[in-house]
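Here's the structure we're looking at; comments come further down.
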Amino acid sequence: MVGPRSSANRVLAGTFVAVLAALLPLLGLGCGTDSDWPKDHKGPKVAVSFAPLYCFASNVAGDDAVVRSMMTTTGPHDFNPTDIEARLIRNANLLFINGLDLDEELATKLQRGSGNKSLKVINLGARIPADRLLEGECHHDHGHDHPHEHASDPHIWLSPDFAVIMTEGIRDELKVADPSNAANYDRRAAEYVAKLRKLKADGVDLLKDKKDRRLVTFHESLAYFAKDFGLTIEGVVQKKPGSEPNQDELNQLLKKCRDGKVRLIAIEPQYTANTSAETVLNELRRKGLADAAAVEIDPLETANPAALTADWYERKMRANIEELAKAMK
Ligand SMILES: [Zn+2]
């Protein structure tokens with residue numbers, strides 16, 4: 001699920017942003033488009049890297065701060081900033097990122113390109129206790145061959161428990177940035193945390209009678225989600241995100257599923273041509289696992305901008321859990 005990016009592309013994009021940022025004052029840009037900050041709002045200007053963080057921040061911000069997401073249709077593995085993001089970051093006060101090697105480079109690039117020296121970048125992943133992080137593949141093409149064997153799995157937002165920790169991190173920073181509204185941030189964060197806890201409790205309840213809680217995932221994105229809801233990930237179709245498995249890997253996965261009778265494969269709605277997932281499914285059905293099935297679980301890395309409202313995260317997570325509940329036995 002990661003489009004490999006060449007380092008040349010990144011350098012080009014970085015230069016592009018830097019040049020644009022330098023030109024912006026000359027062009028007189030920055031007048032009230034949707035992708036700009038509202039002129040009449042006195043509160044903190046809060047940028048976030050991608051969609052789940054937009055929801056966490058918006059719920060805490062209420063009317064006291066303005067929140068903008070840098071990414072929507074392109075996810076954190078494939079994103080390169082444009083002039084719109086550079087312009088937003090130029091006047092932002094805070095930038096919340098996921099961290100864990102997912103979006104730090106983007107933050108550096110944005111900050112450098114925008115020339116905003118007073119921007120405070122907050123790494124929310126750094127608040128997750130280290131002993132609760134799981135090992136994962138490094139998602140990024142760093143433009144060199146240095147292996148990241150002990151990289152942590154960055155998909156923390158897919159755990160409601162971790163979403164709570166991230167929300168509390170946003171609350172604490174907003175209170176520092178805007179102390180006169182501290183009580184409001186406290187109140188709204190508490191309300192949202194209650195919703196996140198309810199989201200988890202409802203999910204656990206919906207899945208509680210499922211006997212077979214095993215699944216294969218399309219890419220390595222659901223480990224924390226699985227932990228929160230007591231599921232077992234038996235294998236991954238795309239070991240290296242974005243690249244199809246070779247015949248050997250496919251055979252190994254098939255054998256594992258056949259032998260263990262693992263019948264569910266999680267697919268991602270963003271990738272309609274899940275060919276390798278389909279291959280696995282068809283093979284399983286052909287080899288006698290008649291009830292093998294695909295279940296659509298959105299890793300929430302991309303969002304339709306029109307649908308990205310403060311309650312998007314809850315809606316999408318609930319839809320994921322309901323899909324799973326329908327498919328699981
Ligand atoms: Zn991912």
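List every residue pair whose Cβ atoms lie under 9 Å apart, where the two residues are 6 or more positions apart in sequence or sit on different chains, the first residue falls within the range 185-203 and is over 10 Å from Glu168 (Cα atoms) and aliphatic (A, V, I, L, M), and the second residue, located anywhere, is open to solvent by 60 Å² or more (accessible area, probe 1.4 Å) and part of a helix (DSSP H, G or I).
Final answer for the pair search is Leu199/Arg318.
Is it the case that Arg188 is at pLDDT 95 or above, open to solvent by 20 Å² or more (accessible area, probe 1.4 Å), more than 16 Å from the ligand (Cβ to nearest atom) and farther than 18 Å from Ile97 by Cβ?
yes
For the range 202-221, give me the residue count where each residue is away from the ligand (no atom under 16 Å from the Cβ) and assigned to a loop (DSSP other than H, G, I, E, B).
7
Out of everything in the range 72-85 that is open to solvent by less than 50 Å² (accessible area, probe 1.4 Å) and modelled with pLDDT of 90 or more, what residue ends up being nearest to the ligand (Cβ to nearest atom)?
Thr72
What number of residues within the range 60-87 are among the aliphatic types (A, V, I, L, M) and out of contact with any helix residue (DSSP H, G or I) (no Cβ under 8 Å at 6 or more places or on another chain)?
Total satisfying the criteria: 2.
Any chance the range 286-298 includes a residue that's part of a helix (DSSP H, G or I) and in the same structural domain as Phe225 (by TED's automatic domain parsing)?
yes
The values are calculated or read from the model by the stated rules, or taken from the named source; none is laboratory data. This is a predicted model, so every value here is computed, not measured. We place every Cβ from the backbone using ideal geometry, glycine too, and count neighbours over all the protein chains shown. Only protein heavy atoms, including side chains, enter the accessible area calculation; ligands, DNA and RNA are left aside. Shrake-Rupley method; radii C 1.70, N 1.55, O 1.52, S 1.80 Å.
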